[in-house]
Structure formats: C-alpha cells, structure tokens
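The values are calculated or read from the model by the stated rules, or taken from the named source; none is laboratory data. What you see is a predicted model, and the numbers here were worked out from it, not measured in a lab. Glycine also receives a Cβ, built like all others from the backbone with ideal geometry; neighbour counts cover every protein chain displayed. Just the protein is used for accessible areas: all its heavy atoms, side chains included, with ligands, DNA and RNA removed. Shrake-Rupley method; radii C 1.70, N 1.55, O 1.52, S 1.80 Å.
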Amino acid sequence: MDGYPIALIIHLFCAIIFIGYVFSDVMVYPVIKQVLDEETQAKVKETISNRARKIFPLSVLFLVLSGGFMFSKYINSEDGFANTNLQIILLIKVFLALIIVSGIVYSLSRRLLKKKPNPLMAHFHNLVLILGTIIIILAKLMFVF
Ligand code: HEM
C-alpha cells in the first residue's frame, strides 16, 4: 500500500485540529467577554495562546507536508500543471492555504523577534476561518468537476 491513505488520514486530522481551534477562537472564546473583566480575559487568552502556539503550528506543518505528498500525485511532470479542473481547483486550494501559512509564519516570526504584534493580525483568525472553509469545500469539489 503506498503512503497516500496514511497521508490523507494525517491531513484530515490536522485539518480538523487546526480549523477546529480557529473555529473555537472565533466563535466560542469571545463569550468570556460577557463574564470576565479585561485583566482576567487577557490572562485567559494568554494562557490559551501559549498552549495553542505549542500545538497548532505543528498541526499546520503536518497539514502542509501531508498535503504536499498528496499534491505530487495530481500535479507532476507527467500529468502537468493546470490541465484539468482537479489540478486547477487544487492549485487554488494550495494558494489559499499558503495565505494562511504566510500569516502564521509572519506572526510567529514577529514573536520570535520580540516585535509587537501587528494590530491587523487581530482579525487574522477570522480570515483563516473563511479561507479554511473555502479550502475544505474545494478539497471535495476537486473530485466533482
Ligand atoms: C489550511 C490548510 C489546509 C486545509 C484546512 C486542508 C484541508 C483538506 C481537507 C479537509 C481535505 C479532504 C480530506 C478528505 O477527503 O478526507 C483535503 C484534501 C486534500 N488536500 Fe488539503 N488542506 C490544507 C492544505 C493543503 C495543502 C497546502 C496541500 C498541498 C500542498 C493540500 C493538498 C490536498 C490534497 C491533494 C487533497 C486531496 C486528498 C484526497 O482526497 O485524495 N492541502 N485538504
């Protein structure tokens, strides 16, 4: 059995873990604003973010590595680059995924360089949730058209 099914399972788990976290961060956690004062909110957010930074970049790394492995089955020197609808949809999916990855690398590198977070990144998870939803739909549509 080639490694494709294993790569697909790893890819699916990483997608569930990463997009699941972003969903909770955007849709669930903000409810704490209703019950906690600002100082406690900040402490809760920092505690969760510290844990998140240990788990989610790794899940995105495995998402990209497993995706890249599967990508080579559809886009390669034999099958070409953008000849079929599947290839074109996959390329769009990867482009959207790379927007997410660049944002993660950007915010982690600012943190590593001890620079203040860019205020624009406060909305980054909203963007990730929208792009992530489109990516998941494209992942299924690529086998329909
Ligand atoms: C945020 C990033 C990403 C998310 C959330 C994501 C999510 C998914 C999901 C949910 C599937 C469907 C899995 C299934 O049907 O069981 C999938 C399939 C796939 N993904 Fe991704 N993906 C991401 C990034 C990537 C990247 C960067 C690549 C390539 C470099 C990639 C390549 C693929 C391929 C080739 C498939 C088709 C697998 C198949 O059904 O045979 N993905 N992705």
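Examine the stretch 127-141 for a residue that is over 22 Å from HIS11 (Cα atoms), touching a helix residue (DSSP H, G or I) at 6+ places or on another chain (Cβ under 8 Å) and surrounded by 15 or more Cβ atoms within 10 Å (Cβ to Cβ), and state whether such a residue exists. Among the residues of the stretch 127-141, not one is over 22 Å from HIS11 (Cα atoms), touching a helix residue (DSSP H, G or I) at 6+ places or on another chain (Cβ under 8 Å) and surrounded by 15 or more Cβ atoms within 10 Å (Cβ to Cβ), which makes the answer no.
Condition check ((1) within 22 Å of SER102 (Cα to Cα); (2) surrounded by fewer than 13 Cβ atoms within 10 Å (Cβ to Cβ); (3) at pLDDT 95 or above) across all residues:
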site: ILE10; (1), (2), (3): yes, no, yes
site: CYS14; (1), (2), (3): yes, no, yes
site: ILE17; (1), (2), (3): yes, no, yes
site: PRO30; (1), (2), (3): no, yes, no
site: VAL35; (1), (2), (3): no, yes, no
site: GLN41; (1), (2), (3): no, no, no
site: ALA52; (1), (2), (3): yes, no, no
site: LEU61; (1), (2), (3): yes, no, yes
site: GLY67; (1), (2), (3): yes, no, yes
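Taken over the stretch 1-26, the criterion of being more than 20 Å from the chain's Cα centre (by Cα) and part of a helix (DSSP H, G or I) is satisfied by TYR4, PRO5. Just one of the numbered conditions (1) under 30 Å from GLN87 (Cα atoms); (2) open to solvent by 70 Å² or more (accessible area, probe 1.4 Å) is not true of ARG111: (1).
Scanning the stretch 66-100 for residues that are without any contact (Cβ under 8 Å) to a residue 12 or more places away in the chain and more than 18 Å from LEU129 (Cβ to Cβ) yields GLY68, SER72, ASN76, SER77, GLU78, ASP79, GLY80, PHE81, ALA82, ASN83, THR84, ILE88. Against the conditions (1) in contact (Cβ under 8 Å) with a residue 12 or more places away in the chain; (2) away from the ligand (no atom under 16 Å from the Cβ); (3) β-branched (Val, Ile, Thr), ILE55 satisfies every one except (2).
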